[in-house]
Each structure stands twice: as C-alpha cells, then as structure tokens.
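Participant: Right, I'll just put the structure down here and ask away after.
Read the figures in this text as sums done on the coordinates, not as results from a lab. No experiment lies behind these values; they were computed from the predicted model shown. All Cβ positions, even for glycine, are placed from backbone atoms using ideal geometry, and neighbour counts span all protein chains on display.
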C-alpha cells in the first residue's frame with residue numbers, strides 16, 4: 001500500500017478511521033514513525049511534527065485516535081474536564097487520599 005501525503009481513510013470494525021501521512025520529499029523513507037496525538041486530538045501541532053519528521057527522511061503517520069467519539073473529545077469538552085483537575089489543590093491532585101470526604 002502506497003501512502004499519499006495528507007489524510008487517508010481505512011476500513012476498521014465499525015467504520016472508516018482516518019490518519020494523516022507525510023512522506024519525505026526526496027527518495028524513499030529511511031523508516032516510518034507513528035505519531036500519537038495528545039488528548040487535544042489531531043491538531044496543527046501534530047501535523048507540524050509529521051512534517052518535521054518527513055524533512056528528516058521518515059514517513060510519518062498520525063492516526064486520528066478519537067474518530068469514533070469526535071464530539072466527546074472536542075477542545076471544549078477536554079477543557080471542561082481539565083478544569084475539574086486544575087480546580088483541585090496540589091495536595092488533592094497528587095495525593096488522592098487527601099481529596100476523600102472526611
């Protein structure tokens with residue numbers, strides 16, 4: 001299978017998943033790297049990482065991990081979840097036993 005640059009779709013159980021690919025501009029890839037995105041999902045930053053790896057001679061592929069639950073992992077939803085964590089004191093964040101009701 002030849003992977004073209006850009007977003008491609010592939011069949012998986014339950015639908016079509018997506019991934020992003022960038023190939024080196026000159027010659028064959030010296031290797032392949034799978035780039036895993038953060039909780040924020042597939043962003044321009046991840047595209048930039050893929051591009052940087054391709055400039056070094058690698059084929060970079062970033063699967064879009066949340067393809068089944070895009071709405072659940074929207075930036076707004078993730079921010080709301082992170083707010084819960086950041087509203088805790090340092091003690092509560094790093095020592096769960098301190099956050100139990102007494």
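Participant: What is the angle, in °, between the Cα long axis of helix 75-86 and the longest principal axis of the Cα atoms in the chain? Nearest 10 is fine, range 0 to 90.
Facilitator: On a 0 to 90 degree scale, this one is about 40.
Participant: For each of 74, 91, 54, count neighbouring Cβ atoms within 10 Å of the residue's Cβ, then give the residues from fewest to most.
Facilitator: 91, 74, 54
Participant: Moving to a separate point now. Calculate log10 I(q)/I(0) of the chain for q = 0.16, 0.19, 0.20, 0.24 Å⁻¹, where I(q) comes from the Debye formula with a single equal point scatterer on each Cα and nothing for solvent.
Facilitator: Results for the chain at q = 0.16, 0.19, 0.20, 0.24 Å⁻¹ read -0.78, -0.92, -0.98, -1.20.
Participant: By counting other Cβ atoms within 10 Å of each Cβ, how are 87, 13 ranked from fewest to most?
Facilitator: In increasing order of surrounding Cβ atoms, one gets 13, 87.
Participant: Report, in degrees rounded to the nearest 10, the 0 to 90 angle that the Cα long axis of helix 44-55 makes with the longest principal axis of the chain.
Facilitator: That helix lies at roughly 40 degrees to the long axis.
Participant: Next question, about the same structure. Roughly how many Å is it from the Cα centre of the range 33-89 to that of the range 1-22, as a whole number?
Facilitator: 16 Å
Participant: Looking at the range 1-69, send over the antiparallel percent of its DSSP beta bridges, to the nearest 5.
Facilitator: For the range 1-69, the DSSP antiparallel bridge percentage is about 75.
Participant: Quick one: order 33, 22 by neighbouring beta-carbon count within 10 Å, fewest to most.
Facilitator: Exposure proxy ranking, most exposed first: 33, 22.
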